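Here is the structure we will look at.
The values are calculated or read from the model by the stated rules, or taken from the named source; none is laboratory data. A quick note: this is a predicted structure, and the numbers were derived from the prediction, not measured. Please note: Cβ atoms are built from the backbone with ideal geometry, for glycine as well, and neighbour counts cover all protein chains shown. Protein only, heavy atoms only, side chains kept; ligands, DNA and RNA dropped before computing areas. Shrake-Rupley method; radii C 1.70, N 1.55, O 1.52, S 1.80 Å.
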Amino acid sequence: MATQTATQHLKYDRTLGYAAMDARGFYYPVSLTIRPDGQMFIQGRSHDGDTRGARITVMDYESNYGGDFGSYGSNDGQFTWPTDIAVDSDNNLYVADEYLQRISKFDREVNFVNKWGVKGSGPGQINGPAGLTLDSEDNLYVSDHRNGRIQVFTTDGEFIRAFGSAGDGVGQLNLPWGITVAPGGDLFVADWRNDRIQRFTTEGQFVRTYGESGSGDGQLNRPASVAVDEDGYLYIADWANERVQILDPDGCFVQKIYGEATDSVWAQDYLDSNPDEKGARSQSDLEQYHLLDTDDPHEIASHIEPIFWSPICVELFDDKLFILERNRHRIQVYKKNN
């Protein structure tokens, strides 16, 4: 069950990260973005019981730790319910916050620059900003979650245009979440409540839909994030099915991945410095299939440590797919099987 495939388009490479509410690690992360130099930024959201994890962790593919910034709150540079993070061509960072109803901007040295956002449904107003992405001209696209639309802004927050409307018809959106501008130039939207991926031009013209409700191959259940490679393949965080699916450019099913994580460098460092916990872990059953009598993907995911538990964000970089897991506070990395 760890990995089920029709074609081995991707193969497991490594696991990154570690659960920590401060310093090296992240806690209930929701999004990640990667700069052209390979520096990774992981947005932690934490939870109401302990807000210390509401920060951005900086690291790279080799697990080198670059510090962190931000904290829980409503002041400049703080987050309350962050949802997504994106980077522009000048390496400025943008963070969406669905509680504060705003977008915050940080420069390449991660200094706070400015913020904008007014709650509402009018042009330029937002209600639950979720996914963020930028096009080749550095226009910022925001999935306006509760308004069921996409809005476009300059990187200084000036409104450009909006498109889409709430509903389940062609080109309509119901609680859209993750979005991405593909290398070919079109915008792909994880239409969360409609269980599909929708494709638009960046001007807002509907192109096509991928997926339908269900748990079968090519079917989706609350997709949270989508990435598209240069060949047009779609990589979808099939969140409520606890898996990642790959579709070809025609929307045909290619592969589904359930996860096969190993200990990350940070996790191994922790275990090596805590021999009692290392010993207890070595004797633990981390794959409790024999204890399960259920087909509920959430129940299964919570008991089987190597597999995904709440895969919430997918990101492509350097022929690798980075899959962020909210409930296990880690990233699983897969390489293209060229």
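Tabulated values for the structure
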{"quantity": "Local electrostatic count at residue 268 - Lys and Arg +1, Asp and Glu -1, tallied over other residues with Cβ under 15 Å", "calculated": "-1"}
{"quantity": "Cβ-placed point charges (K, R +1; D, E -1), dipole of the stretch 74-218 about Cα centre in debye, nearest 20", "calculated": "440"}
{"quantity": "Net charge of Cβ neighbours under 12 Å - reference residue 184; Lys, Arg +1; Asp, Glu -1", "calculated": "-4"}
{"quantity": "Accessible area per residue, Å², the stretch 142-240 with all protein chains present, probe 1.4 Å", "calculated": "38"}
{"quantity": "³J(HN,Hα), Karplus 6.51/-1.76/1.60, whole Hz, each residue of the stretch 19-28, x for Gly, Pro", "calculated": "6, 7, 8, 7, 6, 6, x, 8, 9, 6"}
{"quantity": "Portion, in percent, of the accessible area of the chain that falls on carbon or sulfur, probe 1.4 Å", "calculated": "42"}
{"quantity": "Structure-derived semi-axes √(5λ) of the Cα gyration tensor in Å: which label, when the choices are (1) 30, 25, 18; (2) 27, 23, 22; (3) 38, 22, 20", "calculated": "(1)"}
{"quantity": "Rounded to the nearest 10 Å², the accessible area of residue 203 at probe 1.4 Å", "calculated": "130"}
{"quantity": "Exposure of residue 318 as accessible area (Å², to 10), given a probe of 1.4 Å and all protein chains", "calculated": "110"}
{"quantity": "Summed residue charge, Cβ within 13 Å of residue 159's Cβ, Lys/Arg positive, Asp/Glu negative", "calculated": "-1"}
{"quantity": "Amide H contacts under 5 Å for residue 148, placed H, 5+ residues apart", "calculated": "175"}
{"quantity": "Distance between the stretch 144-216 and the stretch 253-289 - C-alpha centres, whole angstrom", "calculated": "36"}
{"quantity": "Farthest toward positive dipole pole in the stretch 184-338 [+1 Lys/Arg, -1 Asp/Glu at C-beta], among 255, 329, 184", "calculated": "184"}
